[in-house]
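Some notes on the structure that comes next.
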Amino acid sequence: MNFNSRRSPVYATRGMVASSQPLASQAGLSILMQGGNAADAAVATAAALNVTEPCSTGIGGDVFVLYYDAKTKGITALNASGRAPAALDIAQIEKDGLRGPNDEIADKFHAHCVTVPGAAAGWCDTIAKHGSMPLADILAPAIRLAEQGYPVAPLAAGQWLKKEQALAERAPEMTLNGLAPRAGQLFRNPGLGRTFHALAEGGKEAYYNGEIGRAIVAAVQKYGGVMTTDDLSAHHSTWDTPISTTYRDMRVWECPPNGQGLAALIALNVLEGVDPAILNTQPRSASEEAQRWHHIIEALRIAFADARWFIADAASNPAPLAQLLSKVYAAERRSLINPNKATMDIKHGSPVAGSDTVYFSVVDGNGNAASFINSNYMGFGSNIGVSNWGFTLQNRGHNFSLDAQHPNALAPRKRPYHTIIPGMITREADGSLFAPFGVMGGFMQPQGHAQVAMNLIDFGMSPQAALDAPRICLEPGTANGAVMLEDGISFEVASTLAAMGHSIVPVAGDGRGTFGRGQVIIRQPDGVLIGGSDPRADGCAMGF
């Protein structure tokens with residue numbers, strides 16, 4: 001792990017926000033400086049990100065949250081992901097000629113991929129359970145940004161440009177006369193300001209059972225979907241029991257399925273038993289570094305083999321979580337790793353059953369922490385805009401399987417396999433907060449969680465160094481995927497991995513976005529906060 005970190009970590013004591021957009025970090029920090037807590041600041045940051053980075057996130061998408069309560073040392077998990085419409089099933093997909101060759105919906109941007117947006121309920125539910133300020137005050141910074149405008153950041157502008165034509169056709173409000181805004185151009189979104197005003201005044205009822213909800217249904221049906229106002233009225237978030245595993249002297253927490261945090265925990269469980277001389281000793285040669293990456297890659301292959309089968313809506317297809325997360329099962333799966341050769345045909349395991357995006361971190365001065373992720377999925381999601389309300393709708397339904405026997409099979413009012421995952425780490429000895437952390441980016445997310453957690457725990461890196469370090473990515477998040485290697489991993493290491501049978505794809509430049517965009521805030525025992533923000537995004541950590 002020899003590399004030069006490109007940024008300094010940020011230090012503070014009274015509060016900190018780390019996000020992928022400076023104006024959003026500032027919005028959250030302003031709430032902390034007004035006396036708000038981590039929950040209040042998190043929702044303010046999420047709303048500001050909706051304004052400033054709509055290519056990644058928004059109120060037309062979903063939310064997952066892990067929240068650490070400093071008084072109780074307890075962690076709550078919010079699943080604010082939406083469900084398929086009641087009238088949508090596999091038969092409807094086939095009737096519309098949309099069955100793809102790999103049991104997926106063939107058109108990933110079709111209105112049938114739009115699930116009910118969960119973000120609005122998620123924001124309101126977070127504040128109701130953990131917040132301390134009125135929603136109107138929390139949303140005020142985002143409303144100002146939407147109504148008065150802001151200069152678009154460079155990487156966001158690049159993402160926007162990729163969807164220029166689709167937005168001009170389906171969501172013209174998200175363009176400037178049909179064109180994506182360029183870096184530094186002012187962009188105003190009065191429609192989104194109206195949405196936030198409605199949410200502030202009427203809560204989630206105003207979103208799901210008012211004009212906004214009717215506009216969402218009209219947009220979906222315009223493009224061939226079957227969503228109804230009843231689907232929106234029926235939506236609700238769930239507060240779930242978080243899942244976790246120990247790694248060294250820490251405990252790593254994730255939200256349970258339908259999120260894919262399980263994959264990160266399985267990978268860490270497998271890696272924990274690997275010889276420390278391979279895994280967490282500073283490599284002295286290219287061959288030693290290749291061995292380390294080989295074991296990480298193989299652990300991720302094992303994790304995805306299980307995750308792609310077992311992760312589904314727990315309400316209809318609960319996974320055997322205790323067995324999947326047991327150290328005994330990890331040892332069994334670890335035995336599949338050949339130290340000299342890539343294993344490209346790993347199948348999911350059979351444990352004995354018992355009875356995805358923006359990510360940001362917030363820690364307040366009292367030590368409460370929000371690990372928060374909010375996403376539209378593929379860029380602007382479905383690219384379907386909600387007229388006069390300033391946001392686009394997600395396309396999470398594309399992650400359903402059309403194999404009727406699969407646990408993640410599409411069914412009415414069912415949640416799909418979800419890529420967005422927040423992470424949290426506590427000290428196992430006393431349950432104190434170590435760090436909220438996360439890495440956004442589709443199927444990269446559990447891979448990023450495992451790699452960043454190892455950097456923090458095995459090597460004791462600062463948050464910034466842990467995020468700066470080069471990463472690998474199995475693409476597209478499957479057990480037999482090619483291995484993308486980020487610039488910074490040497491040619492000698494890449495050659496050694498290729499000789500072991502891994503399909504290697506070097507990635508540099510703008511392509512580094514493949515490796516996700518993370519945020520980390522460590523809280524030291526004396527209360528000092530140390531923040532880092534991923535250099536692969538436009539953002540920063542801010543504290544006071």
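The values are calculated or read from the model by the stated rules, or taken from the named source; none is laboratory data. No experiment lies behind these values; they were computed from the predicted model shown. Cβ coordinates were reconstructed from backbone atoms using ideal geometry, including for glycine residues, and neighbour counts include every protein chain displayed.
Here is a yes/no grid of residues against (1) buried (at least 24 other Cβ atoms within 10 Å of the Cβ); (2) more than 23 Å from the chain's Cα centre (by Cα); (3) outside any strand (DSSP E or B):
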position	(1), (2), (3)
ASP40	yes, no, yes
PRO54	yes, no, yes
GLY60	yes, no, yes
VAL65	yes, no, no
LYS71	no, yes, yes
ILE75	no, no, no
ALA87	no, yes, yes
GLU94	no, yes, yes
GLY97	no, yes, yes
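Looking at the stretch 101-128, which of the residues that are among the hydrophobic types (A, V, I, L, M, F, W, C) and assigned to a loop (DSSP other than H, G, I, E, B) is surrounded by the most Cβ atoms within 10 Å (Cβ to Cβ)?
VAL114
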Are any residues in the stretch 359-371 more than 14 Å from GLU53 (Cβ to Cβ) and part of a strand (DSSP E or B), and if so, which ones? SER361, VAL362, VAL363, ASP364, ALA369, ALA370, SER371
Qualifying position, being at positive phi and over 26 Å from the mean Cα position of the chain (by Cα), among GLY202, GLY224, GLY210: GLY224
Quick one: which of LYS341, LYS347, LYS327 is over 22 Å from the mean Cα position of the chain (by Cα), within 29 Å of ALA84 (Cα to Cα), basic (Lys, Arg) and surrounded by fewer than 24 Cβ atoms within 10 Å (Cβ to Cβ)? LYS347
Positions within the stretch 513-544 being among the basic types (Lys, Arg) and within 17 Å of the chain's Cα centre (by Cα), in sequence order: ARG517, ARG536
Sort through ARG170, ARG188, ARG248 and tell me the only one that's basic (Lys, Arg), surrounded by 15 or more Cβ atoms within 10 Å (Cβ to Cβ) and at positive phi. ARG248
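Across the stretch 489-544, what is the total count of residues that are among the aromatic types (Phe, Trp, Tyr) and closer than 20 Å to SER56 by Cβ?
Number of matching residues: 1.
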When you look at ASP240, is it crowded, with 24+ Cβ neighbours inside 10 Å, within 21 Å of ASN79 (Cα to Cα) and of a type in the set (Asp, Glu), yes or no? no
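Residues checked against (1) closer than 30 Å to LEU456 by Cα; (2) at pLDDT below 95:
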site: HIS197; (1), (2): no, no
site: GLN221; (1), (2): no, no
site: ASP231; (1), (2): no, no
site: MET250; (1), (2): yes, no
site: PRO276; (1), (2): yes, yes
site: ARG284; (1), (2): yes, yes
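Could you check the stretch 508-517 and list, in sequence order, the residues that are crowded, with 17+ Cβ neighbours inside 10 Å and either out of contact with any Ser or Thr (no Cβ under 8 Å at 6 or more places or on another chain) or over 18 Å from GLN451 (Cβ atoms) (or both)?
Across the stretch 508-517, the qualifying residues are ARG512, GLY513, THR514, PHE515, GLY516.
Kindly check whether there is at least one residue in the stretch 468-489 that is polar (S, T, N, Q), surrounded by fewer than 24 Cβ atoms within 10 Å (Cβ to Cβ) and touching a Cys at 6+ places or on another chain (Cβ under 7 Å).
Within the stretch 468-489, none of the residues are polar (S, T, N, Q), surrounded by fewer than 24 Cβ atoms within 10 Å (Cβ to Cβ) and touching a Cys at 6+ places or on another chain (Cβ under 7 Å).
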Among the residues of the stretch 48-85, count how many are touching a Leu at 6+ places or on another chain (Cβ under 6 Å) and hydroxyl-bearing (Ser, Thr, Tyr). 3
Any hit, the stretch 359-371, residues being at pLDDT below 90, touching a Ser or Thr at 6+ places or on another chain (Cβ under 8 Å) and of a type outside the set (Lys, Arg): yes
Please go through the stretch 141-165 and give me each residue that is among the aliphatic types (A, V, I, L, M) and surrounded by 19 or more Cβ atoms within 10 Å (Cβ to Cβ), ordered by number. ALA142, ILE143, LEU145, ALA146, VAL152, ALA153, LEU155, ALA156, ALA157
Do we have GLY390 as surrounded by 24 or more Cβ atoms within 10 Å (Cβ to Cβ), in the same structural domain as ALA111 (by TED's automatic domain parsing) and at pLDDT 95 or above here? yes
Return the residues of the stretch 473-510 that are under 30 Å from GLY543 (Cα atoms) and either β-branched (Val, Ile, Thr) or in a helix (DSSP H, G or I) (or both); say none if nothing qualifies. GLY509, ASP510
In the stretch 485-544, how many residues are of a type outside the set (Gly, Ala, Ser), at pLDDT 95 or above and over 30 Å from PRO339 (Cβ atoms)? 13
Restricting attention to the stretch 412-469, report how many residues are small (Gly, Ala, Ser), within 28 Å of ASP62 (Cβ to Cβ) and not in a strand (DSSP E or B). 6
I need the full set of residues from the stretch 178-207 which are in contact with a Pro (Cβ under 9 Å, 6 or more places away or on another chain) and part of a helix (DSSP H, G or I), in order please. LEU192, ALA200, TYR207
